[in-house]
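What follows is a single structure, written as structure tokens, with notes after it.
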Amino acid sequence: MLPRPRLALTCLILTALVLSACGASHTSRIPASRTATRRSAGRGTPGRHAGVSAPLSHGSSAVSAVSEAGIHKIRHVIIIMQENRSFDSYFGTYPGADGIPAQDGHFTVCVPGPRAGRCVRPYHDPHDLNYGGPHGAGDAVADIDGGRMDGFVKEEELGRKTSCQNTPFNPECSGSDTHPDVMGYHDAREIPNYWTYAREFVLQDHMFEPELSWSLPAHLFMVSEWSARCTIRHDPMSCYNEVSTPPSPLRLGTRPGPGYQPPDYAWTDLTYLMHKYHVSWAYYVSKGTEPDCDDDAMACRQAPQSYRTPGIWNPLPYFDTVHQDHQIRNIQDISHFYRAARDGTLPEVCWVIPNGRDSEHPPALVSTGQTYVTGVINAVMRSPDWKSSAIFLAWDDWGGFYDHVAPPRVDANGYGLRVPGLVISPYARKGYVDHQVLSFDAYAKFIEDDFMSGARLDPRTDGRPDPRPDVRESMSELGNLVRDFDFNQSPRPPVILPLHPSPGPASRPGG
């Protein structure tokens, strides 16, 4: 699916964000304050409302002084970013979470399927290989459909038609109209380790993609809190908001056209602040392929990827500050991550980025991605650094898969749709479902509070002005990850999981 014209798309996004506040009969709405649910500990079996904490507000003043001081027990932040899954597609039937609406063990939502001639209900999908749907900015607007959250099947059908025209041998051509897999969900039968991490640590059920778009903007927000386009190379003040089609790296094997110039991300990113405050960091990239399409379509030829290959999952090599601070070598092959974990020399902040095979990005296998993520987490848990680490695991966008929660509007860029989020740490609360409104901006906020005395990517204070529309880490809607920790508890031992686990038990609609 090709990007829409920028002006029309901006209007569509704004309209969708405004209308999503109105909601619909089968759409969850997010109160200004939510409670966080702790599940019962008996036999490790989740209970929907076994225990409830006091309501949590989003203001910093609500966080106790003990928690604020305790954050410095975390000396290593590891962000694992996987690909293309919605919250409901992985945890829509998880007990205690804001999952797929259901009553008496039956789902109460049904999404229109124009080609099938009837609506399609969510269903358990046992398949290891999924296809998802188109997931660009225009597709997000259509999926949300003014807050009705009912465009997923229609967009998948349109995307499948486009993919079949462009690549007639693509397996999506044989997709089912009766059960489009965007309406499918997995549970402990397919992803037992992810459900175990949720049960043992923290599951975030209102983690939103930071912007209403696809992988490249999501990764730009992850490292810089903005997605933009700059008209003058190396001039941050020439940059302007661009959430749909920011300049994209040239795919390997593609010849540049006349006048082609590689992207120049001139605005300020988080590595600038980390360099300024002497915070060590690394961006670990797995060698392989990068399957996400430059035009956010459902399918395209996979491009090679390595730490030496700037790409839509590896944008830092195009940021001016990385070169100005002579930190391009901080972008490394993932083998360096495993070595640092083994030796107890992990940097203070790192991102861990998969290749296409390990990413869970359709058509990559779910089981392969879970095995890879488990290996990364096991490496941290076996490390001398485990006792002072916090792992933040998320998926970069919804991948076209169904989710029933209309994203809140915080600015012209988003938020985008919900994605799964997990916090894994020796200080993480056990069996905790965090209902705070969160996005990847919360990762930057945590890093800034832990290592940089609360400094922000703020043009007024960071010493490197750019015209970003707001300071995302300071948005009033954004929750605080500190609440996912209990820094008074003794550090918990590792939970080492098998790389190839047996299937877990079936879940029940409604949790």
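The values are calculated or read from the model by the stated rules, or taken from the named source; none is laboratory data. Just so you know, these numbers come straight off a predicted model, no measurement behind them. Heads up, the Cβs are rebuilt from the backbone with ideal geometry, glycines too, and the neighbour counts pull from every protein chain shown. These accessible areas exclude ligands, DNA and RNA; they are computed on the full protein's heavy atoms, side chains included. Shrake-Rupley method; radii C 1.70, N 1.55, O 1.52, S 1.80 Å.
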TODO: Give the residues of the range 265-314 that are in a loop (DSSP other than H, G, I, E, B), surrounded by fewer than 18 Cβ atoms within 10 Å (Cβ to Cβ) and at pLDDT 95 or above, sorted by residue number.
DONE: TYR277, HIS278, SER280
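Which of the residues spanning the range 461-511 are in a loop (DSSP other than H, G, I, E, B), among the charged types (D, E, K, R) and open to solvent by less than 70 Å² (accessible area, probe 1.4 Å)?
Result: ASP462, ARG464, ASP466, ARG468, ASP470, GLU477, ASP486, ARG492.
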- [ ] Report, by residue number, each residue of the range 71-117 that is among the charged types (D, E, K, R) and in contact with a strand residue (DSSP E or B) (Cβ under 9 Å, 6 or more places away or on another chain).
- [x] LYS73, ARG75, GLU83, ARG85, ASP88, ASP98
Task: ASP98 being crowded, with 22+ Cβ neighbours inside 10 Å, within 20 Å of the chain's Cα centre (by Cα) and in a helix (DSSP H, G or I) - done: no
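Being modelled with pLDDT under 90 and closer than 22 Å to GLU360 by Cα is the filter; apply it to the range 209-258 and report the residue that is surrounded by the fewest Cβ atoms within 10 Å (Cβ to Cβ).
Across the range 209-258, the extreme among qualifying residues is LEU252.
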Open item on the list: Name the residue that is nearest to TRP398 (Cα to Cα), counting only residues in the range 124-137 that are open to solvent by 10 Å² or more (accessible area, probe 1.4 Å) and out of contact with any strand residue (DSSP E or B) (no Cβ under 8 Å at 6 or more places or on another chain).
Closed with: TYR131
Open item on the list: I need every pair where a residue in the range 230-250 that is on the phi < 0 side of the Ramachandran plot has its Cβ under 8 Å from the Cβ of a residue that is open to solvent by 40 Å² or more (accessible area, probe 1.4 Å) and among the hydrophobic types (A, V, I, L, M, F, W, C), sequence separation at least 6 or different chains.
Closed with: SER238/ILE232; ASN241/ALA412; VAL243/ALA412
TODO: List the number of the failed condition for ILE447; all other conditions in (1) surrounded by fewer than 17 Cβ atoms within 10 Å (Cβ to Cβ); (2) within 30 Å of ASP320 (Cα to Cα) hold.
DONE: (1)
TODO: Being more than 21 Å from LYS276 (Cα to Cα), assigned to a helix (DSSP H, G or I) and of a type outside the set (Phe, Trp, Tyr) is the filter here, so list the residues in the range 321-350 that pass it.
DONE: ILE334, SER335, HIS336, ARG339, ALA340, ALA341, ARG342, ASP343
- [ ] Report, ordered by the first and then the second residue, all pairs with beta carbons closer than 8 Å, sequence separation of six or more or different chains, a first member in the range 482-511 that is free of Cβ contacts under 8 Å to residues at least 60 places away in the same chain and closer than 22 Å to SER425 by Cα, and a second member that is of a type in the set (A, V, I, L, M, F, W, C) and open to solvent by less than 80 Å² (accessible area, probe 1.4 Å).
- [x] ASP486/ALA428
- [ ] Might you let me know whether the range 378-389 holds any residue that is open to solvent by less than 10 Å² (accessible area, probe 1.4 Å) and over 21 Å from VAL495 (Cβ atoms)?
- [x] no
